[in-house]
Structure formats: C-alpha cells, structure tokens
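The values are calculated or read from the model by the stated rules, or taken from the named source; none is laboratory data. It should be emphasised that the depicted structure is a prediction, and the values quoted were computed from it without experimental measurement. Every residue, glycine among them, receives a Cβ derived from its backbone with ideal geometry; neighbour counts consider all protein chains shown. Side chains included, ligands, DNA and RNA excluded: accessible areas come from the protein's heavy atoms. Shrake-Rupley method; radii C 1.70, N 1.55, O 1.52, S 1.80 Å.
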Amino acid sequence: MQPLRSYPTTQLRRNRQHDWLRDLVAETSLSPKDLVLPLFIREPSGEKMITTMPGVERHTLEDLPSIVEKALNLGIPAIALFPYTPNALKTIDGAEALNPDNLVCRALRLLKGRFGQDIGIITDVALDPYTTHGHDGVIVNDRICNTSSNTILAKQSLNQADAGADIIAPSDMMDGRVKEIRTALDQNGYDNTLIMSYAAKYATHFYGPFREAVGAGAIRELSHKNLQHKKTYQMDFRNTEEALHETAMDISEGADMVMVKPALLNLDIIYRIKQAFKVPTFAYHISGEYAYLKIAAQHGALDYEKSLLEVLYCLKRAGTDGIFTYAALDAAFLIK
Ligand code: PBG
C-alpha cells in the first residue's frame, strides 16, 4: 500500500532545511574511487597544449609518474592512457599500434614498474591515434573492414597486455572484437587481463576536442563520403534498443565491464544498461562535455566546480559504477 502523501501533513521541504539534513537523506554518493583519469601522453617533441581542452595537457613520460602520484594521493584508483603519435609514425594501417616500444607500451612499463598494482591502467584499443586518416579500423575498398580491423585490434590488445595493461578497453566499435581479443589474451596467458568494452559508443559531434588531443583530425579530409565520419561503426544517437543489443553481445563475448559514451547525453542508456545487465557500468564524460563545462565557466556562465560535481553525481544517480573524466583530479580534490 502506498502511504498517504498529502500536504500539509507531508511536506517534502522538511527534509531540505539544512546542509547536514540534505547530506543525511542524499540517495547518491560520489567518491574519488568512482573516477578514472584519462591522460594524454606525448613524446618530448610533441605539443603540450590542447587548445580545445583548457586545463588538460599532453604529458611526457617524464612527467607521468608525478601526475599518477597526484591521482593516487587523491584516491583515484585508475588512469586511462591515450597517445599523441608523431605524424611520422602514422600509416594507413596504424601499424605503430603493434610496436612493442610505442608510446603507450613505454608508459605502461614505466608506470607498472613504478606503481605496480597501486594503480589500475586502462588502455584504449582502436587505431585512430596511429592511422593517417584517423579511423579506428582498417580501410579496405573505401570501407572500414570489420575482419581486418579485428585481427589488428586483437594484436594491439596483446601488445598492451605484454607491456602490463590491466584493463584492455576496445573503443573501436567493430563487431565481434571482444571475442577475438578475449581469445588472443587467453591463448597467450593473459586470462586475468580484463576487458572493458565501449559497448554503447555513439557517433557524436562531441568528440572534437579529443581528436585534437590525439591528433586524429584527418578524418574530415577523406574523399569517400562514408569515411568522413565514424557513423558506419559507431552507434546512431537516435537508438536505444541497439545499445542494449551491443552490450548483450559484448558481455556474451567476454567483456568484464561495459562503457557508455558520451556520458551526459546518454543518462537513459546508462540507466537501462545497468538495470538490464547488472554488470560494472562505466560512463565517459567526454572531451566535448568537458570542454563546454570548462569553457562556459571561463566565460562566467557556469560555476565550474559546482557544475562539475553536479554532473558526476547525476551520472552516479543514473547507475554508473565509474566515470572517466578529464576533471578527475579537480573532482577528487573537491570531494575530499
Ligand atoms: C577513439 C576514441 C575516441 C574517444 C576515445 N577513444 C574518439 C572517437 O571515437 O573519435 C573520445 C573520447 C572523448 O571525446 O573524450 N578510439
């Protein structure tokens, strides 16, 4: 039976009178332990500043340990690495992804040697930082070829696992890649390496600043129309059922955790995936979402700190277990 809830006997505002009281009845909590810090890494010769992401920069391997130290001291459990690859190393097939001495692998060895299991390291599986065209897969006959892409993505995963990655995070949106990656890892003794699949990753216009950050901008300049965007593999933002289907497939192929991306635009998807599958569910507060918060705040339209915490709380309320955010250090500091 529903209790009788009528005014003036019931007054919901009674519970909202003081800070302590609002804290006492709050339904959602937020901790630095819920956050993942994405980090852009570069060679010493690479450009440090990212103009479209104020407050975020690309780090050299030399700078990296001190940033990780800072994250650890604030209680952040994991980082995610994204490389800014020198143009000279980019090719049409993204072969640098398989180089055991590429930037990401060197960063993994450095950080794992230094911090061991004090910090979790998540690595991105996709070819966009390594291809001349900026696509996540391999182009065959003016198409992103699913089979050839899966083959190279499984090798990329193995390369990262060899260098010490804890969680392999395929963000490429090829069909069946989780299965191929799981098989490759298991066959090579990496049965404890986790897979976090970007299960529901939408083709959004909010990835722009990230593409500047990793230098994957060439995508717009390709001649074939279908290659000028990622809509032939990333999801259509008009769809929900498809997100559930994608997630079901990735879980059945061996994903240990799933990701919804972008985060704020897809609170309904996060909620539905968490309700339906009950698996660890992550959200990626992506570059465009970060940029509009930060840049609006710089222009005096928003209070950055308060708005940031609101965003993160609302993502938790929707059902996320963990949030990737470029503002993780700021947020962890504010929470503490
Ligand atoms: C690509 C990748 C993208 C992001 C993470 N991995 C961009 C894309 O698909 O073009 C975006 C993250 C962000 O915008 O913050 N593999």
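Please state the charge dipole magnitude for the stretch 30-335, taken about the Cα centre, from unit charges on C-beta atoms (+1 on K and R, -1 on D and E), reported in debye and rounded to the nearest 20.
On the way: 30 positive and 38 negative charges, 62 e Å.
The calculated dipole for the stretch 30-335 is roughly 300 debye.
If you average the alpha carbon positions of the stretch 186-240 and of the stretch 96-122, how far apart do those two centres end up, in angstrom?
That distance is 22 Å.
Give the ranking of 304, 84 by solvent-accessible surface, highest area first, calculated with a 1.4 Å probe. Show your work: numbers first, answer last.
Numbers: 304 35, 84 55 Å².
If we order 304, 84 from most to least accessible, we get 84, 304.
Considering only Cα-Cα distances, which of the following residue pairs are longer than 31 Å: 90/316; 274/294; 225/294?
Beyond 31 Å: 90/316; 225/294.
For the stretch 229-246, take each phi angle, set θ = phi - 60°, evaluate the Karplus expression 6.51 cos²θ - 1.76 cosθ + 1.60, and give the result in whole Hz per residue in order, putting x for glycine and proline.
Calculated HN-Hα couplings, in order: 7, 10, 6, 7, 10, 7, 6, 7, 5, 7, 10, 10, 4, 5, 5, 5, 5, 4 Hz.
For a Förster distance of 41 Å, can you work out the FRET efficiency between the beta-carbons of residue 132 and residue 29, rounded to the nearest 0.05?
The computed FRET efficiency comes out at 0.35.
What's the extension gain from residue 88 to residue 6 if we count 0.36 nm per residue and subtract their Cα-Cα distance?
22.6 nm
Between the alpha-carbon centers of the stretch 276-336 and the stretch 15-93, tell me the distance in whole angstrom.
11
In what order, largest first, do 267, 21 sit by accessible area if the probe radius is 1.4 Å? If you can, show how the numbers build up before the last one.
Details: 267 50, 21 20 Å².
Solvent-accessible surface, decreasing: 267, 21.
Got the relative contact order for the chain handy, in percent, Cα pairs under 8 Å and 6 or more residues apart? Present the calculation step by step, with values, prior to reporting the outcome.
Numbers: 611 pairs, mean separation 64.7, N = 336.
Computed over the chain, the figure is 19 percent.
Can you give the FRET efficiency to the nearest 0.05 for residue 299 and residue 187, using r as the Cβ-Cβ distance and R₀ = 35 Å?
Using R0 = 35 Å, I get an efficiency of 0.10.
Given the -39500 (n - 2.57) contribution per DSSP H run of 4+ residues, what per-residue ellipticity at 222 nm results for the chain, rounded to the nearest 500 deg cm²/dmol? Before the final figure, lay out each step's value.
Details: 11 runs with 125 residues, N = 336.
It comes out at -11500 deg cm²/dmol, rounded to the nearest 500.
Please go through the residue pairs 33/278; 112/336; 155/230; 112/230; 155/278 and name each one whose alpha carbons sit more than 28 Å apart in this structure.
Check vs 28 Å cut-off fails for 112/230; 155/278.
Report the one residue of 15, 29, 154 whose Cα lies farthest in the direction of the positive end of the charge dipole of the chain (charges on C-beta: Lys and Arg +1, Asp and Glu -1; origin at the Cα centre).
Positive-end residue among those listed: 15.
Mind putting together the pair-distance distribution for the chain? All Cα pairs, 20 Å bins, whole percent per bin, short to long.
Result returned by the calculation: 30, 58, 11, 1.
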